[in-house]
Amino acid sequence: MTRPVVIVVPCFNEEARLDGEAFLDYARGHADVGFLFVDDGSRDRTAARLERLRADLPDAIAVQALAKNAGKAEAVRTGVLAALSGGCECVGYWDADLSTPLVEIARFREILRADPALLAVLGCRIRRLGADVRRQSARHYLGRVFATAASLVLRLPVYDTQCGAKLFRADRRVCEAFAVPFTSRWAFDVEVIARLRAGLEDAAAERLFYEQPLGRWQDVPGSKLGVRHMLAALRDLWRIRRSCRRSFSVVVGRRGNAIH
Ligand SMILES: Nc1nc2c(ncn2[C@@H]2O[C@H](COP(=O)(O)OP(=O)(O)OP(=O)(O)O)[C@@H](O)[C@H]2O)c(=O)[nH]1
Ligand SMILES: [Mg+2]
């Protein structure tokens with residue numbers, strides 16, 4: 001598959017949730033966008049469903065299978081590296097449940113196109129008038145606590161690190177950010193941002209990212225993430241904070257004032 005925009009879709013036991021027609025329709029209508037599904041060691045019939053999709057539209061759909069369940073972070077990383085080595089212009093990842101509708105892909109790409117300094121466009125779930133963004137209250141408030149902690153760790157005014165829809169420019173810095181396995185299984189999105197901003201002054205780091213408020217986002221039933229995973233993500237965040245302090249210290253040294 002050699003389309004300029006490749007969207008990696010990590011799939012773990014998605015047999016019941018996967019809306020194959022939505023992906024096929026989008027790929028048929030957008031000749032520049034292809035999908036790379038990474039089957040993350042699923043134990044249901046996800047593999048067969050993905051193979052059928054690929055056979056329907058082989059020039060737009062590819063499938064990569066991981067022998068064992070490795071978690072979303074590693075599934076995404078494997079897919080992103082494969083897409084980058086295939087020579088795409090932009091690579092992104094998108095949750096298989098289509099909580100974020102595929103129509104946002106074109107908008108994300110336009111934003112990257114319009115500003116050559118940007119490396120990444122991040123979907124941003126803001127409940128506001130004129131947008132149809134619905135999250136369960138408990139998940140919303142837990143998510144706000146996490147996102148606020150993440151923005152302090154990253155020293156960036158990022159509103160929503162965890163949205164499962166992101167698009168990156170195929171750039172050397174992006175290759176490097178995905179080159180090494182993430183230390184975090186549940187907060188890897190934060191780690192991607194931390195790697196991209198490492199060694200940069202805050203103002204320079206801010207120019208690499210754009211958060212796009214989504215027009216629509218819905219909680220799709222069947223999420224496999226619970227409170228246990230949220231706590232694990234907070235623990236991961238703590239670990240990322242410690243490694244950030246090491247990499248951000250390059251900036252500290254130059255400015256001569258400590259960052260805490
Ligand atoms: N939970 C989980 N998801 C995985 C894994 N590997 C890949 N994924 C994929 O990661 C994506 C997100 O999973 P979900 O279970 O929808 O997570 P969620 O709780 O809805 O997360 P939000 O949409 O951010 O609220 C889906 O595309 C999954 O198929 C894994 O090992 N565990
Ligand atoms: Mg989901």
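The values are calculated or read from the model by the stated rules, or taken from the named source; none is laboratory data. Values in this document were obtained by computation on a predicted structure and should not be read as measured data. All Cβ positions, even for glycine, are placed from backbone atoms using ideal geometry, and neighbour counts span all protein chains on display.
The table below lists the values:
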item	result
Helices (runs of 4 or more DSSP H) wholly inside segment 125-234 that include at least 3 residues being out of contact with any Asp or Glu (no Cβ under 9 Å at 6 or more places or on another chain) and within 16 Å of ligand 1 (Cβ to nearest atom)	137-154, 188-197
The listed residue being within 23 Å of ARG134 (Cβ to Cβ), over 18 Å from the mean Cα position of the chain (by Cα), more than 16 Å from ligand 2 (Cβ to nearest atom) and assigned to a helix (DSSP H, G or I), out of GLU51, GLU21	GLU21
Selection status of ILE111, touching a Leu at 6+ places or on another chain (Cβ under 6 Å) and part of a helix (DSSP H, G or I)	no
Qualifying residues in segment 31-48 (those that are assigned to a helix (DSSP H, G or I) and of a type in the set (Gly, Ala, Ser)) - the one farthest from ligand 2 (Cβ to nearest atom)	ALA48
Pair list, Cβ under 6 Å, 6 or more apart: segment 72-83 residue within 14 Å of PHE35 (Cα to Cα), other residue part of a helix (DSSP H, G or I)	VAL80/PHE178; LEU81/PHE178
Residues (within 20 Å of LEU167 (Cα to Cα), in contact (Cβ under 8 Å) with a residue 60 or more places away in the chain and either in the same structural domain as ARG169 (by TED's automatic domain parsing) or buried (at least 22 other Cβ atoms within 10 Å of the Cβ) (or both)) located in segment 1-32	ARG3, VAL5, VAL6, ILE7, VAL8, VAL9, PRO10, CYS11, PHE23
Residue in segment 73-87 that is part of a loop (DSSP other than H, G, I, E, B) and outside the structural domain of CYS175 (by TED's automatic domain parsing) present	yes
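Results for (1) surrounded by fewer than 12 Cβ atoms within 10 Å (Cβ to Cβ); (2) within 16 Å of ligand 2 (Cβ to nearest atom); (3) among the hydrophobic types (A, V, I, L, M, F, W, C), shown as yes or no for each residue.
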| residue | (1), (2), (3) |
| --- | --- |
| ASP97 | no, yes, no |
| LEU102 | no, yes, yes |
| PHE108 | no, no, yes |
| PRO116 | yes, no, no |
| ALA120 | no, no, yes |
| VAL133 | no, yes, yes |
| ALA138 | yes, yes, yes |
| TYR141 | yes, no, no |
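Per-residue answers, yes or no, for (1) at pLDDT 90 or above; (2) among the β-branched types (Val, Ile, Thr); (3) away from ligand 2 (no atom under 16 Å from the Cβ):
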residue	(1), (2), (3)
VAL158	yes, yes, yes
THR161	yes, yes, no
ALA170	yes, no, yes
TRP186	no, no, no
ALA204	yes, no, yes
VAL220	no, yes, no
